[in-house]
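Below is one structure, written out as structure tokens; comments come after it.
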Protein chains: 4
Amino acid sequence: MSSPLILINLKTYDEGYGHRARKIAESAELIAGESGVRIGIAPNFMEIHPMSHHFSVPVYAQHTDGIGAGAHTGHVLAAAVRHAGAHGTLINHSERRLTLADVGAAVEAAKTAGLETVVCTNNVATSAAAASFAPDYVAIEPPELIGSGVSVSKADPEIIRRSVDAVTRVDPGVKILTGAGIQSGECVKIALDLGTEGVLLASSVVKAADPEAVLRDLISLL
Amino acid sequence: MSSPLILINLKTYDEGYGHRARKIAESAELIAGESGVRIGIAPNFMEIHPMSHHFSVPVYAQHTDGIGAGAHTGHVLAAAVRHAGAHGTLINHSERRLTLADVGAAVEAAKTAGLETVVCTNNVATSAAAASFAPDYVAIEPPELIGSGVSVSKADPEIIRRSVDAVTRVDPGVKILTGAGIQSGECVKIALDLGTEGVLLASSVVKAADPEAVLRDLISLL
Amino acid sequence: MSSPLILINLKTYDEGYGHRARKIAESAELIAGESGVRIGIAPNFMEIHPMSHHFSVPVYAQHTDGIGAGAHTGHVLAAAVRHAGAHGTLINHSERRLTLADVGAAVEAAKTAGLETVVCTNNVATSAAAASFAPDYVAIEPPELIGSGVSVSKADPEIIRRSVDAVTRVDPGVKILTGAGIQSGECVKIALDLGTEGVLLASSVVKAADPEAVLRDLISLL
Amino acid sequence: MSSPLILINLKTYDEGYGHRARKIAESAELIAGESGVRIGIAPNFMEIHPMSHHFSVPVYAQHTDGIGAGAHTGHVLAAAVRHAGAHGTLINHSERRLTLADVGAAVEAAKTAGLETVVCTNNVATSAAAASFAPDYVAIEPPELIGSGVSVSKADPEIIRRSVDAVTRVDPGVKILTGAGIQSGECVKIALDLGTEGVLLASSVVKAADPEAVLRDLISLL
């Protein structure tokens with residue numbers, strides 16, 4: 001059984017580039033090295049190249065499009081993301097929704113480029129739907145919990161449990177991340193107990209005064 | 001076993017309003033009455049009210065949004081569509097794609113309003129995904145066949161067969177329409193033989209010199 | 001000099017269809033008849049046909065697309081809106097934003113169809129930009145005031161004044177509506193004093209216990 | 001008077017990253033150095049950082065969003081683009097259209113971040129509209145000429161001339177690029193004679209067997 005995945009989304013926060021992003025990446029590298037837990041980072045597109053070249057942690061794009069090479073100005077080509085050094089990509093994040101057809105095309109394009117795929121969803125039915133595309137991961141982010149400070153695993157464990165069931169019924173090879181309301185090591189522990197294989201989180205690490213301490217806490221019960 | 005569904009999409013064609021639309025609706029009413037086959041019409045939003053009040057054929061919206069009543073100027077509220085007399089609605093047509101989350105929300109909103117739901121998809125994987133939302137119908141429109149004049153049932157029967165399998169595996173209660181490349185009664189016959197329960201078509205009826213004759217041919221082998 | 005325009009947007013409110021919408025239309029017809037003030041109504045698409053046929057007040061669509069007749073399922077064809085009886089249309093409402101190119105195309109298509117055009121904007125620069133398309137009206141809705149209960153004409157008269165200047169500089173033939181924060185006859189009076197030729201409003205009429213009384217107040221100082 | 005700008009859009013072409021992109025950048029650097037003409041390059045987002053650090057030519061993003069720092073996963077923050085080393089950015093390219101409000105917000109955000117702004121438009125009216133936002137450049141790309149192999153300056157010089165007039169009338173400080181149908185030095189010459197201050201082009205350089213030769217030809221009559 002592989003290690004759980006702790007995936008940190010830097011969004012377009014001020015802390016998402018420059019020396020503060022570097023500090024988060026260094027902390028991730030350190031804690032991952034100490035603990036053996038996989039810790040990934042999803043910076044903005046411009047940071048994919050330098051982060052992938054300066055740090056050993058797996059780097060994820062925050063979005064890739066379901067396009068092939070061609071005349072798509074301003075879009076994100078999976079092959080170019082891979083070439084820049086990324087290990088994987090988020091697809092269909094709640095802040096960057098795609099059409100149903102484009103979710104399928106984006107998963108396909110990312111797989112072809114050799115990227116690990118993490119499709120974000122918002123409820124049980126969309127999680128099952130996303131599983132039809134056979135991504136590596138589905139990350140469930142119940143909208144009422146995003147940025148709420150309330151732990152999904154405490155507030156609404158049923159949505160996680162039912163999503164795990166629904167995804168597994170569609171494709172047992174698809175793994176699940178708990179994608180909102182993760183604040184602490186206890187949250188991570190509960191997320192794994194509910195049958196998911198990691199967490200997707202953002203502000204609780206990125207906005208922390210001491211990201212290293214938060215990361216250390218997050219993996220403390222694994 | 002219920003009758004197959006022949007669903008005519010008037011799009012925003014010139015023939016989609018005014019006396020030519022009325023003539024198509026009259027033909028549909030006539031042929032449906034003679035044959036007992038269900039023939040539905042999806043006109044533009046403005047025509048839903050008059051068509052529903054002047055004709056007995058079931059009327060479908062071409063799109064509804066996944067919203068509730070509120071401040072959504074220019075959007076399409078399922079309850080208002082129902083109030084205008086519609087029987088059902090297309091959702092996620094290839095010319096009006098929705099995000100994955102909005103497909104789910106639109107199916108939910110339409111069901112709540114008492115509308116029959118027809119979710120359009122473009123391949124096997126998106127058909128399976130759409131089935132996760134438990135709509136009444138999934139209508140498969142392989143993009144390479146839309147408006148091509150080539151019959152889907154002849155050109156690529158496998159995509160239909162595999163979509164039927166995939167949808168049935170997710171939810172055996174979801175029916176399937178063959179949604180592109182339908183020109184004739186023989187096409188309809190093959191579509192049903194492949195396991196689908198009707199067809200979604202547009203130009204071959206709407207742009208016909210004699211829509212009544214085309215409709216009569218379409219149902220001739222049922 | 002023509003009468004100011006009071007334009008009521010029914011959005012997708014519950015009150016926007018059925019007997020409550022009819023009551024609003026009746027009140028508008030009554031007050032317009034008594035006062036000689038132009039009062040228009042923008043209902044959902046399905047209500048355009050029945051409202052235009054049952055009432056004498058000018059009816060506006062809440063949105064039209066910059067398309068011609070053709071394969072545009074789920075889109076809104078200006079010619080079909082006109083055919084249904086509409087007098088004009090909103091374009092680019094804050095809840096239904098269009099791309100820059102589509103604003104231009106939508107104004108063009110609506111004019112070709114014989115519809116009066118009301119392009120919504122959010123600040124001075126977008127108002128000047130919208131004026132480049134030579135619509136009949138630009139309606140300014142400062143986002144911080146939408147639904148705030150604060151009167152734009154009191155809270156921020158400068159944005160209206162500067163928008164009037166900017167629009168006039170680009171095209172003196174374009175009229176301006178004050179599009180947010182209108183609650184009373186005094187607000188309407190101030191809006192006109194600032195150089196605009198009417199108001200666009202929604203909840204203060206639509207959600208009122210007595211829409212007729214609100215309308216009577218709105219036109220009371222004209 | 002400043003040098004004209006030759007701006008090369010690498011789009012998401014296969015040649016837009018890796019050694020072929022590097023070769024284009026090297027050629028641009030060489031020809032710019034020899035001639036004193038400004039030659040800019042707009043690569044995909046991931047290439048902004050390495051290109052800006054390895055080459056002296058000004059690098060442009062293909063798109064930036066009208067957002068501030070915050071929770072905008074998968075979007076493009078102007079400040080992060082600037083931090084990566086970019087000199088400027090395209091906004092509203094025909095393959096990445098923005099809403100009217102977002103064009104305004106994107107220009108504002110890019111200026112605040114210290115980026116040169118190039119807003120793409122498709123006709124005279126949208127060019128005038130774009131000028132209302134006071135970008136550094138408006139780049140006109142008549143849609144019928146994009147990728148057509150027909151020179152805009154030969155096929156339709158009037159659209160360029162009238163756009164120059166319209167933009168200048170709105171804001172004489174805004175410069176104009178001819179943005180489609182540029183194949184040769186003669187095209188560039190005509191573009192400048194029509195009153196524009198440079199060109200935006202893509203495939204004729206990017207897809208060339210010998211980009212250096214094409215660039216040398218493009219600047220040959222300046």
Here the net charge surrounding residue A:67, from other residues whose Cβ is less than 13 Å away from its Cβ (Lys, Arg +1; Asp, Glu -1), is -3
So, over other residues within a Cβ distance under 12 Å of residue A:176, counting Lys, Arg +1 and Asp, Glu -1, the net charge is -2
Final fewest-first order of B:83, B:53, C:49 on the 10 Å Cβ neighbour count is B:53, B:83, C:49
Residue span residue C:189 to residue C:213: 0.36 nm per residue of separation minus Cα-Cα distance leaves a gain in nm of 6.9 nm
Connecting every pair of Cα atoms under 10 Å apart in chain A and solving the GNM, the largest mean-square fluctuation among A:73, A:112, A:121 falls on A:73
Working note, the stretch D:40-118: Cα radius of gyration (Å, one decimal) and Dmax (Å, whole number) are 11.6, 35
Quick note on B:116, D:141, ordering by fewest other C-beta atoms within 10 Å, gives B:116, D:141
Partner shielding of B:159-170, taken as the mean number of other chain Cβ atoms within 10 Å, equals 1
Computed from the beta carbon distance with a Förster radius of 22 Å, FRET efficiency for residue A:168 and residue B:112 to the nearest 0.05 stands at 0.20
CD proxy, 222 nm, the protein assembly as shown: helix-only mean residue ellipticity via -39,500 (n - 2.57) per DSSP H run with n ≥ 4, per residue, nearest 500, stands at -12000 deg cm²/dmol
Once the mean of 1/r over all distinct C-alpha pairs in the stretch B:182-222 is inverted, the Kirkwood radius in Å reads 10.2
Taking only the Cα positions of the stretch B:94-222, the convex hull volume per residue in Å³ is 108
The relative contact order of the stretch C:75-222, taking Cα pairs under 8 Å that sit 6 or more residues apart, comes to a percentage of 18
In whole µm²/s, the translational diffusion coefficient that Stokes-Einstein assigns to the stretch B:143-214, given a Kirkwood hydrodynamic radius over C-alpha pairs, 37 °C and 0.692 mPa s, equals 261
Given A:26-32, B:36-42, D:14-20, A:85-91, the highest-first ranking by average Cβ count within 10 Å works out to A:85-91, B:36-42, A:26-32, D:14-20
Each residue of B:58-69 has, on average, a number of other protein chain C-beta atoms within 10 Å of its C-beta equal to 2
Under the rule rounded for a/c under 1.5, else prolate if a/b exceeds b/c, else oblate, using alpha carbon gyration tensor axes a ≥ b ≥ c, the stretch A:5-218 is classed as oblate
The answer for the net charge of residues other than residue B:56 whose Cβ lies under 15 angstrom from its Cβ, with Lys and Arg +1 and Asp and Glu -1, is -1
Going through D:23/D:207; C:23/C:175; A:111/D:23 one by one, the pairs whose alpha carbons sit over 24 Å apart turn out to be C:23/C:175; A:111/D:23
The set of residues whose placed amide H lies less than 5 Å from the amide H of residue A:139, leaving out same-chain residues fewer than 5 positions away, is A:119, A:120, A:121, A:177
Mean per-residue count of partner chain Cβ within 10 Å for A:102-114 equals 2
Phi angles of the stretch C:209-217, converted by Karplus (6.51 cos²θ - 1.76 cosθ + 1.60, θ = phi - 60°) into ³J(HN,Hα) in whole Hz with x for Gly and Pro, give 5, 10, x, 4, 5, 5, 4, 4, 5
Between residue B:199 and residues 5 or more places away or on another chain, the pairs with built amide H atoms under 5 Å apart involve B:5, B:6, B:7, B:178
For the protein assembly as shown, the Cα gyration tensor yields equivalent-ellipsoid semi-axes (√(5λ), largest first, whole Å) of 42, 37, 30
Most exposed first, judged by fewest Cβ atoms within 10 angstrom, C:132, C:2 run C:2, C:132
hull vol. (C-alpha, convex hull) per residue for the stretch D:13-60, Å³ -> 62
A correct Stokes-Einstein calculation for the stretch B:1-132, using the alpha-carbon Kirkwood radius, 37 °C and 0.692 mPa s, returns a whole-number D in µm² s⁻¹ of 216
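Throughout, read-outs are computed from the coordinates displayed, never taken from laboratory work. Since the structure is predicted, the reported quantities are computational estimates derived from the model, not experimental observations. Heads up, the Cβs are rebuilt from the backbone with ideal geometry, glycines too, and the neighbour counts pull from every protein chain shown.
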